[in-house]
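The values are calculated or read from the model by the stated rules, or taken from the named source; none is laboratory data. As the structure is a computational prediction, the values presented were derived from the model and not from experiment. Here the Cβ positions follow ideal geometry from the backbone for every residue, glycine too, while neighbour counts run over all protein chains shown.
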Amino acid sequence: MLDHGAPPATDPSPAKTPGLGTRLMRRKPVERLVAEGGQGEGGMLRRSLSMWQLTMISIGATLGTGIFVVLGDATPLAGPAVAISFVIAGLTALFSALSYAELAGSIPVSGSSYSYSYATMGEIVAWICGWCLILEYGVSVAAVAVGWGEYLNELLDGTLGTTIPESVSAPLGEGGFINLPALVVILLAMVFLMRGAKESARVNTIMVVVKIVTLVIFCAIGFMGIKAGNYTPLAPLGVTGISAAAATLFFSYIGFDAASTAGEEATNPKRDLPRAIMLSLLIVTALYCLVALVAVGAMPWQDFEGTEAALAQIMKDVTGHSFWSVVLAAGAVVAIASVVFAVLYGQTRILFAMARDGLVPKVFAKVDARTGSPRANTVIVSLFCGVLAATIPLGELANATSIGTLFAFGLVNVAVVILRYTRPDMSRTFRVALFPATPILGLLFCLYMMFSLPGVTWAVFGGWMIVGVMFYFGYGLRRSRLATAEK
């Protein structure tokens, strides 16, 4: 006889805890990623950035040390054909840029490739990608800030006939005690970033316009010094030289993905992010090729070897006056400062997304209610990068930013393929052409570039990855908000 008054039978066994493999590979749904857009601890990021401001962020992060410094390294490899090398490097970057454009329009959030990996490949892959981005953005901010100090010294020497004493312009181990200029430029960027995205974007736009105008002035003056004979032979070291120069110049394009970190502060992200990414790459490539054509026409390619300030030297040679080389040095100071500014912005937004997911401390996701910006995040990141730039000789560590970037680029290409097959009906404002050939080629190019890097770079990268995995298992795995939501 049944006892209808008895409570229903229950399974006394506790809920089964997901296995480690399941927890590592858990994915964050695209809809949840988008729904959480802008949400931080105690406030919301503000949607205030237009398509042009997003474009300026990507140009600001890309156009800087590449054309002012790397040109002098690449020209001795390719000869007058260095402009072709710029095109090849740009095309290599284009494959990954197309993948970024599709995902930025589909998943418009602050985490960039970290968030794209979380939606397609699981939490552990997303963490590794985010850890790579911390390396890419954080160390490159410090490295670029060191370069800024060197150009500032050149400007001071050309205008005032003096330089900052080595004791306060170089770190320990390089003849000094502290690199004060590098610290100062990072702290200045921090102050502007703390005012909010809209105000920061205005400052960045002004700096980007200044450096574009500087390069246009160089082209106008350098054009007057072009000698047709400097273009022959076009490729003295053959196709091998052109390819070697292209590999060197590829890293001049790193930064075009910066707009994707502003997904939660764009007014119309689904429409504007893909446009900003592609437009910034087009503008940067055009400027690089134009400057390279004028430079090798105005100065024999053999003279570039060992010349760090090749553009300034050309300005001086063509005009016979040092005034225009000083103008170029001033433009370089602004150009490199804008790279520090834009890259630091990207770093804070990636950490913001990771903190919101619980994988890093929540202080990085705290948003100031008055400015709508992650101020505590900005201060912590800026001070860390500032101390790194001011006290540590970067050396080979700076090269590790390249491998971290290429790893993240490769994952974005994989994410596009996965999302196309797993979510074919998802709304996309931009689609990669010639799918799946384009993202597959993008991945292969990234792998080729990674394996062309020296062994010491791989050693640094491996050490960084070990630290990152230890941090994830010690902190992120247990505090993941996706895991909490599943309980």
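Of note:
- Selection from segment 448-470 of residues that are without any contact (Cβ under 8 Å) to a residue 60 or more places away in the chain, surrounded by 14 or more Cβ atoms within 10 Å (Cβ to Cβ) and part of a helix (DSSP H, G or I): M450, W458
- In the set (1) buried (at least 17 other Cβ atoms within 10 Å of the Cβ); (2) not in a loop (DSSP other than H, G, I, E, B), the condition left unmet by T429 is number (2).
- Within segment 108-153, the set of residues being surrounded by fewer than 24 Cβ atoms within 10 Å (Cβ to Cβ) and either out of contact with any helix residue (DSSP H, G or I) (no Cβ under 9 Å at 6 or more places or on another chain) or farther than 23 Å from G60 by Cα (or both) comprises M121, G122, E123, I124, V125, I128.
- Search result, residues across segment 31-44 that are on the phi < 0 side of the Ramachandran plot, outside any strand (DSSP E or B) and within 23 Å of the chain's Cα centre (by Cα): L33, V34, G37
- One residue stands out in segment 66-85 among those that are small (G, A, S) and within 14 Å of D303 (Cα to Cα): the one that is surrounded by the fewest Cβ atoms within 10 Å (Cβ to Cβ), namely G72.
- Contact map, segment 157-168: first residue under 17 Å from N179 (Cα atoms), second residue at pLDDT below 85 and in a helix (DSSP H, G or I), Cβ cut-off under 7 Å, separation 6 or more or different chains; pairs are T163/N153; T163/D157; I164/N153.
- Filter pass, P80 being assigned to a loop (DSSP other than H, G, I, E, B) and not polar (S, T, N, Q): no
- Taking the criterion of being of a type in the set (G, A, S) and either crowded, with 24+ Cβ neighbours inside 10 Å or touching a residue at least 40 places away in the same chain (Cβ under 8 Å) (or both), the residues of segment 318-354 that qualify are S322, S325, A329, A330, G331, A332, A335, A337, S338, A342, G346, A353.
- Cβ-Cβ under 8 Å pairs, at least 6 apart or on other chains, segment 109-121 side within 16 Å of R420 (Cβ to Cβ), far side at pLDDT below 90 and in a helix (DSSP H, G or I): A119/V30; A119/L33
- Here the condition is being closer than 19 Å to W131 by Cβ and not small (G, A, S); of V363, V387, V379, it holds for V363 alone.
- Which listed residue, of F409, F435, is within 30 Å of G90 (Cα to Cα), modelled with pLDDT of 90 or more and outside any helix (DSSP H, G or I): F435
- Of I221, I226, all but one fail to be part of a loop (DSSP other than H, G, I, E, B), over 20 Å from the mean Cα position of the chain (by Cα), crowded, with 16+ Cβ neighbours inside 10 Å and not small (G, A, S); the exception is I226.
- Where R195 falls short, out of the listed (1) surrounded by 14 or more Cβ atoms within 10 Å (Cβ to Cβ); (2) part of a helix (DSSP H, G or I); (3) of a type outside the set (D, E); (4) touching a residue at least 12 places away in the same chain (Cβ under 8 Å): (2)
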